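The values are calculated or read from the model by the stated rules, or taken from the named source; none is laboratory data. Just so we're clear, the structure is a prediction, and the values are computed from it rather than from any experiment. Note: ideal-geometry Cβ built from the backbone for every residue, glycine included; neighbour counts use all protein chains shown.
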Amino acid sequence: MKHADIAIVGGGVAGATAALYLGRLGLNVTLFEKGESLVSGPPFCHLHAGGNLYREISDAQCITLLQQSIDLLRFYPYAVDYRPTVIAVPTTDKENPADLYPRLQTLRGAYEALIKADPANEVLGSPDTYYRSYSRSEFDRLRTMAPVETPQTPDEWMIPVAREIDPEQIKFPMIMVQEYGLNLFRLGAGATLSIQQMENCTLNLDTTVVAAEATDNGKGYRITSERHGNQSVQTFDYLINAAGFRTGEIDDMLGFKRDRLVEFKAAYVTKWQEGTMWPEVIFHGERGTPEGMAQFTPYPCGLVQLHGMTNEITLFDDGLVGSTSQSAQPQLLPRFLEMIEQKWEWSCVEKRSRRAIEHMARFIPAFHTAQVASKPLYGAQQIPGEDPTLRAADVSFEGKRYARCEVVKASSVLSMTDAIVSGLIALDYVDKTAQGKRQFDSTSVPDESGLQAQALEIAKKRHYPACLSRRAVTEELL
Ligand SMILES: Cc1cc2nc3c(=O)[nH]c(=O)nc-3n(C[C@H](O)[C@H](O)[C@H](O)COP(=O)(O)OP(=O)(O)OC[C@H]3O[C@@H](n4cnc5c(N)ncnc54)[C@H](O)[C@@H]3O)c2cc1C
C-alpha cells in the first residue's frame, strides 16, 4: 500500500471516530481539535436505535438509524447506558399510540434481519422484546409496586414511570422500546485514551486549523494550524473535514460549495429525587409548538437532563440558519456564538431550566421539586441540505482526497467512516480487505478505571457535575 498522511479537522464524535478507526487500520493520522478535550461540541444522550423519537421522519431513516446505532454500540460499548426508553403520547396530542405500531413492527423485522446477517448484532436484546406496550390496567397494577434498586425486567423499569406519571395526561398504551442512553463523556474519554495509545495517531488538542489550501500538484492539502499563538504548516495526502457546525468554514477556505443548515439547541441539567433508577421517558408533541416533545433522560445521583422541543426551552427563535450562495458556512447570530465560545448568563440558564422542569411536571407532577443542577448541555449541529427534519446523514466528498463529515446523529459515524475507507482503498492507501471490517475488537476497549477517571476529568474540565460522566446501567446488569 502507498503511504498516506491523513488530516482530520475537528475532534467531535465524527473526527474522533475517524481517527480511531483509520488509526486501527494503520494509517498515519493527525487530528486537530481546537478545544481542550475531544467530543466537547454539541451534546448527545440518546442512542437512536430506531429513530422512535421522531414521528416525522421516514421508515427508511429509522431503519438506517437502527443499523447505525447497533454499529456504534458495538464500537463504543462502554459509552452506552443500557436502559430502555418509554414513549408516551399525551392526551393533548392529535396522534394515537396505535399509530406507532406499524413502524415498530418494521423495525423489529429489520433488527431480526440484522441479527440473521451477523449474530453479534444482537445488542438490543431479543427482537421479540424490541418493544412492548403497557395498557392502562398494567400501568395501574405497576403503580402499586415498590421500585426495585436495579431493574432487570421491563415491568421493573416501568414501576417508577407508573408511580409518578399522571395517567390522565396520557393516552394508552405506553410503549417501551430498546433505545438506550449514550454517554458523551465516556465516549470522549475512551476515544482519547485509545487514540493516545496509537503511535501512528497524533492528537493536537487546543489547536485550531486557520487555513487550508490544495497543494500545487492537486494531490493533497496544506493545512495551517495555530496553537497558543504559534502557527505551523503541514502537508497531507487526504483531508477529513469533521468540524461540526463549522464544516462550512473549511469548505469556504477551499472554495467548495455546499448547502447546509446549522441549528442551536440546548438540554437542561436538573437534580431530582435520588435513589430510583428510571428509564428514559419521551412525551411526544409537535416540535416548535408549546406542546413540543418533552424528554426525560436520567443519569446517576438523581440528575435528569431535559429537552423540551419548544422555542422557549430547547429550540431558539432564529436558532436555525442556512448557508448562502456566497458561503457554505451558515451564520449563527452573535448571541449564539457567544454562548458557545464563552458562556450563558446564569439568569437565562435558570429561566429556561425552570421552564423545562415545568414542561415535564405536566406529566410527572412531583417533578416540580426538581432543581437546576448546572449549566445546560448545548451547542450547534449541522444538517446537510435544506430539510431540517433529516436525521440520518453521514458524509460527502469533493474529488478523491476530501471527505466532509455531516453526521446529524452520533450513530452515523461508522457508516461515515466506512465510506471514507472506500475512498482510501481506491487511492491504494488501504488494503481492500479493510472494507466494512469495523475493527470491533474487545481487546482495544480501554480499561474501566482509567476510562472512568478520564471521563470524570473531562466533566470537571467542562464544569459539569461529576455524575454526568457515569452511567447507571452497564452491560453486565442486562
Ligand atoms: C442539544 C442537542 C442534543 C443532541 N442530542 C443528541 C442525541 O441524544 N443523540 C445523538 O446522536 N445526537 C444528538 N445531537 C447531535 C449531536 O450532538 C451531533 O450530531 C454530533 O455531536 C456531531 O458531531 P461532529 O463530530 O460532527 O461535530 P462536533 O461535535 O461539533 O465536533 C466538531 C469539532 O470540530 C472542532 N473544530 C471546528 N472548527 C475547527 C477548526 N478550524 N480547527 C480545529 N477544530 C475545529 C470543534 O471544536 C468541535 O469539537 C444533539 C445535538 C444538540 C445540539
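Key figures for this structure:
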{"read-out": "Hey, Gly244 surrounded by fewer than 22 Cβ atoms within 10 Å (Cβ to Cβ) and assigned by TED's automatic domain parsing to the domain that holds Leu25 or not", "value": "no"}
{"read-out": "The stretch 46-79: number of residues that are within 23 Å of Met174 (Cβ to Cβ) and either within 13 Å of the ligand (Cβ to nearest atom) or hydrophobic (A, V, I, L, M, F, W, C) (or both)", "value": "14"}
{"read-out": "Single residue of the stretch 362-402 satisfying the filter (within 12 Å of the ligand (Cβ to nearest atom), in contact with a strand residue (DSSP E or B) (Cβ under 9 Å, 6 or more places away or on another chain) and among the small types (Gly, Ala, Ser)) that is farthest from Asp59 (Cα to Cα)", "value": "Gly379"}
{"read-out": "Qualifying positions in the stretch 270-284 - crowded, with 22+ Cβ neighbours inside 10 Å and out of contact with any helix residue (DSSP H, G or I) (no Cβ under 7 Å at 6 or more places or on another chain)", "value": "Glu280, Ile282, Phe283, His284"}
{"read-out": "Residues (in contact (Cβ under 8 Å) with a residue 24 or more places away in the chain and either more than 29 Å from the chain's Cα centre (by Cα) or loosely packed, with under 14 Cβ neighbours inside 10 Å (or both)) located in the stretch 149-166", "value": "Glu149, Thr150, Gln152, Asp166"}
{"read-out": "Leading residue by the ranking (farthest from Ala294 (Cα to Cα)) among those in the stretch 354-369 that are among the aliphatic types (A, V, I, L, M) and in contact (Cβ under 8 Å) with a residue 12 or more places away in the chain", "value": "Ala366"}
{"read-out": "Verdict on Gly10 being assigned by TED's automatic domain parsing to the domain that holds Gly244, at pLDDT below 95, more than 15 Å from the chain's Cα centre (by Cα) and on the phi > 0 side of the Ramachandran plot", "value": "no"}
{"read-out": "Boolean, Gln329 is surrounded by fewer than 17 Cβ atoms within 10 Å (Cβ to Cβ) and either touching a residue at least 12 places away in the same chain (Cβ under 8 Å) or in the same structural domain as Met174 (by TED's automatic domain parsing) (or both)", "value": "no"}
{"read-out": "Test for Ile87: is it in a strand (DSSP E or B) and surrounded by 15 or more Cβ atoms within 10 Å (Cβ to Cβ)", "value": "yes"}
{"read-out": "Boolean, Gln105 is over 30 Å from Ala455 (Cβ atoms), modelled with pLDDT under 95 and not in a loop (DSSP other than H, G, I, E, B)", "value": "no"}
{"read-out": "Members of the stretch 285-303 that are polar (S, T, N, Q) and either surrounded by 18 or more Cβ atoms within 10 Å (Cβ to Cβ) or in contact (Cβ under 8 Å) with a residue 24 or more places away in the chain (or both)", "value": "Gln295, Thr297"}
{"read-out": "3 or more residues within 14 Å of the ligand (Cβ to nearest atom) and in contact (Cβ under 8 Å) with a residue 40 or more places away in the chain: qualifying strands (runs of 3 or more DSSP E) within the stretch 167-231", "value": "201-204, 208-214, 221-227"}
{"read-out": "Leading residue by the ranking (surrounded by the most Cβ atoms within 10 Å (Cβ to Cβ)) among those in the stretch 59-83 that are outside any helix (DSSP H, G or I) and either touching a strand residue (DSSP E or B) at 6+ places or on another chain (Cβ under 7 Å) or modelled with pLDDT of 95 or more (or both)", "value": "Val80"}
{"read-out": "Residue that is within 13 Å of the ligand (Cβ to nearest atom), under 17 Å from Arg352 (Cα atoms), assigned by TED's automatic domain parsing to the domain that holds Pro376 and not in a strand (DSSP E or B), where the choices are Thr314, Thr310", "value": "Thr314"}
{"read-out": "Only listed residue being touching a strand residue (DSSP E or B) at 6+ places or on another chain (Cβ under 7 Å), among the hydroxyl-bearing types (Ser, Thr, Tyr), more than 11 Å from the ligand (Cβ to nearest atom) and in the same structural domain as Asp93 (by TED's automatic domain parsing), chosen from Thr289, Thr235, Thr270", "value": "Thr270"}
